[in-house]
Amino acid sequence: SLSACAAAASARVAVLLLLSSGVDAGALVADLAKRKKRRLRTLSLGNSAGGGAGKAQQSAVRKLLAASATQGGWVLLHNAHLALNLMAEVQATLELDEIHEGFQLWITTEPHANFPASLLHSSIKIAAEAPSSIRAGLMASYTGLVTQEILDSVSHPHWRSVLYSLCFMHATLKERRRFGAAGSGAALGMGASDLAACIGTVQRQLIDAESKRQPVDWEGMHFMVCDVLLAGCMPDEADKQVVRAYGEAWLSAAILEQSFHFYEGYRIPQALELEQHRQEIETLPLDDSPVVFGLPPRADAAFRTNRTQSVLSAMLKMQPNQSIVNGWQSRAEVVLAIAAQLLHALPSRFKQDHVQDSLHRLGPTKPLSVSLLHEVSKLNTAIYFIDAAIEQVRAALNGEIPMSPVLMELAEDLYHARVPATWIELSGLELTRIGIWSETLQRCWKQLDAWLEYGRPTTFWLGGFSNPRGFLAANAQEVCRLHARDKWALDDLVTKTEVLKVEESEVFNPPDTGVHIRGLSIEGAGWDKERCHLIDCEHASSASLLPIVWVAASHREGQTAEASMKYLAPCYKSSSGLRLNNILSIDLSTEEQPSKWILRGVAVLTLCEA
């Protein structure tokens, strides 16, 4: 622990905290200094342009070290890996002939190959890694942040229960990250400082409630912790919903009930002393089932599969590029064969005169026509560059042009059936397998070609657009034009969605307003097509196809409250990577509380690579 490190260190022996991603050691050191009644002065390094420490920062470090070495006190240098040029001066300070016995140096750094070996060997080293389970997260909080002083700081009878619930929620949110997109859209990088802020807020609220002899304001506590301190800095609405759902369950009067438990085997300790809390935490499981987080059981299998694929992919990328030379003939033949297949399947570019004639017939100034032109132009550009790249790879493999590093990397991607990153960016198709990507690109072309040839389709495939949000914005703009006499503005509109009972084959005409969307799928749940509501799909495939979804826009003032329960599901392009770009939210009927689907990470996808 940090306390043990501080006891073992001295004025001439620094404590080196080796950080991993998502760890905030500053708050832990500050809390330790406060408990030991030591003055702590901190300085963050490496903020100058170009990396390293600038002259002004070098001067500040010298003054800080010289003053503290003479007068005593603790010094915390943040992010030493960003200012390695200063570490020689740090080492020199520790080797001064005269140094105050109350001086103590703390250094945080990420592992770096060029970190000075002398300072590394002479320091006490501690690895500050992010917790890997709820138990580890709770133990980290009750070892580095929660102290007996904090436990005794509030005499309100509910204080210890609320404090433990806060720490449990913090550990749960951090651990959800390991389940990828289903667990967290933005990786929920909460640090110890976020938890400390939440604890301080709740601490003040309970002290105030007790002094005024008022009941606990659970609603106000939930708002401050979940909406202001935690969700306020999250870019994705789905992540905010997860935080609020946990808060509704775990920052409420329900946690005071004798029968309350977060999940079976996860209870709030009925203890007064810090050591008793730690002993209770030690009894928790070392590995947490996905259901503890509200996720379906299969989320763990998906997580392990994705991790295995990531490891294998990383191992392949670690192989030197020159490995393609080994067995060159056979590898080159494989790449040439794949390149030939891709060229054969690659659609031809749309001819400008045909596009212009079709747009003239459709109405060139209509918002959806403008969206169509954008999609056609984007796809034409993608086809042009992809065709050129494939031809260059073929020429390089045939010895007609030099094999550049860029072409070598492209050949490696094709050999391993991976979609090159530049192709994903060009096409807007967030898919990883080259075969599925090629087929999907053809489907994109066919949708646009049919639109140009036969006019507005009865249904649209949202996954076939490089800019689906632009398409939906055009749809909303058309609604505005229909209500021009009412002076509707885009800012006054809200998106309206409904999952219909019909399939694509049953739709013969476009709707009077809005658009019909096909090809959407649900991830994390199933859909009862007869009763039109969400259902569990524990043993089904990871994605269930939805019927036709009607998407329109209506005026904000005309909205009425829904009689049935709805889960507002975020819609993303695909399940690849992190979910940071919500295209729209779709109303899905549910016979259970929406919080169940929120915690399960249920989402709608426009593309499915299953």
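The values are calculated or read from the model by the stated rules, or taken from the named source; none is laboratory data. Note that the structure is a prediction, hence the values are computed from the model and not measured. Here the Cβ is made from the backbone with ideal geometry for all residues, glycine too, and neighbour counts use every protein chain on show.
So the values come out like this:
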{"item": "Any hit, the range 100-115, residues being surrounded by 15 or more Cβ atoms within 10 Å (Cβ to Cβ), over 21 Å from L2 (Cα atoms) and at pLDDT below 85", "result": "yes"}
{"item": "Subset tally (residues that are crowded, with 16+ Cβ neighbours inside 10 Å and either free of Cβ contacts under 8 Å to residues at least 60 places away in the same chain or under 20 Å from S358 (Cβ atoms) (or both)) for the range 458-469", "result": "6"}
{"item": "Qualifying residues in the range 532-585 (those that are among the charged types (D, E, K, R) and surrounded by fewer than 19 Cβ atoms within 10 Å (Cβ to Cβ)) - the one modelled with the lowest pLDDT", "result": "E538"}
{"item": "Residue match in the range 196-206 (condition: farther than 30 Å from I522 by Cα, without any contact (Cβ under 8 Å) to a residue 40 or more places away in the chain and not in a helix (DSSP H, G or I))", "result": "no"}
{"item": "Qualifying residue in the range 441-451 (condition: surrounded by 16 or more Cβ atoms within 10 Å (Cβ to Cβ), farther than 18 Å from G363 by Cα and modelled with pLDDT under 95)", "result": "no"}
{"item": "Test: residue in the range 479-500 that is modelled with pLDDT of 90 or more, within 30 Å of I436 (Cα to Cα) and in a loop (DSSP other than H, G, I, E, B)", "result": "yes"}
{"item": "Residues located in the range 18-51, provided they are at pLDDT 75 or above and of a type in the set (D, E, K, R)", "result": "D31, K34, R35, K36, K37, R38, R39, R41"}
{"item": "So S259, is it surrounded by fewer than 18 Cβ atoms within 10 Å (Cβ to Cβ) and touching an Asp or Glu at 6+ places or on another chain (Cβ under 6 Å)", "result": "no"}
{"item": "R485 being surrounded by fewer than 19 Cβ atoms within 10 Å (Cβ to Cβ), under 21 Å from L373 (Cβ atoms) and among the basic types (K, R)", "result": "no"}
{"item": "Residue in the range 403-414 that is crowded, with 19+ Cβ neighbours inside 10 Å, assigned by TED's automatic domain parsing to the domain that holds S330, of a type outside the set (D, E, K, R) and part of a loop (DSSP other than H, G, I, E, B) present", "result": "no"}
{"item": "Flag for A484 being closer than 27 Å to V376 by Cα and of a type outside the set (D, E)", "result": "no"}
{"item": "Of residues in the range 198-234 being of a type in the set (G, A, S), at pLDDT 90 or above and surrounded by fewer than 16 Cβ atoms within 10 Å (Cβ to Cβ), the one nearest to R160 (Cα to Cα)", "result": "G200"}
{"item": "Qualifying residue in the range 438-454 (condition: over 21 Å from S371 (Cα atoms) and in contact with a helix residue (DSSP H, G or I) (Cβ under 8 Å, 6 or more places away or on another chain))", "result": "yes"}
{"item": "The range 502-531 - residue that is in contact with a strand residue (DSSP E or B) (Cβ under 6 Å, 6 or more places away or on another chain) and without any contact (Cβ under 8 Å) to a residue 24 or more places away in the chain and, of those, surrounded by the fewest Cβ atoms within 10 Å (Cβ to Cβ)", "result": "D528"}
{"item": "Matching strands (runs of 3 or more DSSP E) fully within the range 66-132 where at least 1 residues are over 30 Å from L284 (Cβ atoms)", "result": "73-78, 103-109"}
